[in-house]
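Right, one structure below, let's go through it.
The values are calculated or read from the model by the stated rules, or taken from the named source; none is laboratory data. Bear in mind that the values here come from a model prediction, so they are computed numbers and not experimental data. Here the Cβ positions follow ideal geometry from the backbone for every residue, glycine too, while neighbour counts run over all protein chains shown.
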Ligand SMILES: [Zn+2]
């Protein structure tokens, strides 16, 4: 079901940071790109000074619904996504109930459609209840209306090698991918932060890099052995980057993601004992940050995934040891990546489009996202003002989570407009209206 959307003429946007052009959007499609296009009856959007990029695709979002609507809902999380420049998000499976059946993934999918801010692509759990004991109904989730292609027990590692092998074998049947939260649980029991100089000084139980790296090493070998596709969530150490580089050189079908916070923040921040910096995997050292940036720039790491993890304030504003792990990220990702990767000269805007959109859509097998900005393509695109600067204030954000580690920081880059299937969900940097299909979906549900 597709509702007619309007006609919009974007004037003078720099496509992927290149030449300034006009972009005509009609009925959900990029109808024409050129110079001095005639507005006709179109709504004109002045985009002078703005960069036009494909709508961002998040491979790793926690929307918390069903079950933790005090932390986030599909509605609030996808509003945040649209404001952050996203046109699609993958909703992680660790909800309550866990998204381990066709029924739950269809529920999340339908909530996303009814909200109408972005494509919500549910991630299915690998194991029943995330318990790591028996495989969930992967095939039924793949065949459901939600057409699940990514499976993950994120938050918990699939640490049993036999189960991991079976999952990798199973998803081959529908071109799926297993997204692993790489963390050997026996090496991280009770861990509170990165294991290193700072944890030694603070006397907090450390989380060694080898806990992540040993699982990644095992999993790339398993993926090679069964000829399947592996995705590594939130890579956080220099050693992980080396192992993935080695695996790719051998032709193993592995992709990897890095979060914005691991591209900018280090474990030095834990000295404040502010739980806003408590996250899984933990913030690491500056050497790790530099290796992650280099890995993202050279393609070893394929994508930026936010790991957006909103928590109610009572779970974060408490002592370090009791605090929940996780940070919000949807509304700051673009700015952090611009700051860490583009302002440092490590990447161009074209590279940015690859790591935030094109590669992410490919991993999730989303055929109408991450497409080039060309005539005839679906109009999922954003306009960014790269010269804007803003100070992060979580209290003004659309997400219900106030746990942004970037609070108070000045960052570059603002999303001026987000076009989702030809409809502006964001205009002039503020929420506009959801896609008109949403109303039709809601009516259909009722
Ligand atoms: Zn995770």
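Which residue out of 80, 52 is outside any strand (DSSP E or B) and either within 16 Å of the ligand (Cβ to nearest atom) or in contact with a strand residue (DSSP E or B) (Cβ under 9 Å, 6 or more places away or on another chain) (or both)?
80
Conditions (1) away from the ligand (no atom under 16 Å from the Cβ); (2) over 17 Å from residue 254 (Cα atoms); (3) at pLDDT 95 or above, marked per residue:
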site: 151; (1), (2), (3): no, no, yes
site: 175; (1), (2), (3): yes, no, yes
site: 178; (1), (2), (3): no, no, yes
site: 199; (1), (2), (3): yes, yes, yes
site: 205; (1), (2), (3): yes, yes, yes
site: 225; (1), (2), (3): yes, no, yes
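Looking only at the stretch 266-291, which residues are crowded, with 22+ Cβ neighbours inside 10 Å and either within 16 Å of the ligand (Cβ to nearest atom) or outside any helix (DSSP H, G or I) (or both)?
The answer is 278, 279, 281, 282, 283, 284.
Being over 16 Å from the mean Cα position of the chain (by Cα) and either within 16 Å of the ligand (Cβ to nearest atom) or touching a residue at least 60 places away in the same chain (Cβ under 8 Å) (or both) is the filter here; which residues of the stretch 83-107 pass it?
Scanning the stretch 83-107 gives 95, 98, 99.
Out of all the residues in the stretch 380-396, which are in contact (Cβ under 8 Å) with a residue 40 or more places away in the chain and either in the same structural domain as residue 176 (by TED's automatic domain parsing) or surrounded by fewer than 22 Cβ atoms within 10 Å (Cβ to Cβ) (or both)?
385, 386, 387, 390, 392, 394
For the stretch 108-135, name all the residues that are in contact (Cβ under 8 Å) with a residue 24 or more places away in the chain, over 20 Å from the mean Cα position of the chain (by Cα) and either within 16 Å of the ligand (Cβ to nearest atom) or within 19 Å of residue 67 (Cα to Cα) (or both).
Correct list: 114, 127, 128, 129, 130, 132.
Looking at (1) out of contact with any helix residue (DSSP H, G or I) (no Cβ under 6 Å at 6 or more places or on another chain); (2) part of a helix (DSSP H, G or I), which is the only condition residue 71 fails?
Against the list (1) out of contact with any helix residue (DSSP H, G or I) (no Cβ under 6 Å at 6 or more places or on another chain); (2) part of a helix (DSSP H, G or I), residue 71 comes up short only on (2).
Right, residue 251: more than 22 Å from residue 92 (Cβ to Cβ), touching a helix residue (DSSP H, G or I) at 6+ places or on another chain (Cβ under 7 Å) and away from the ligand (no atom under 16 Å from the Cβ) or not?
Criteria not met by residue 251.
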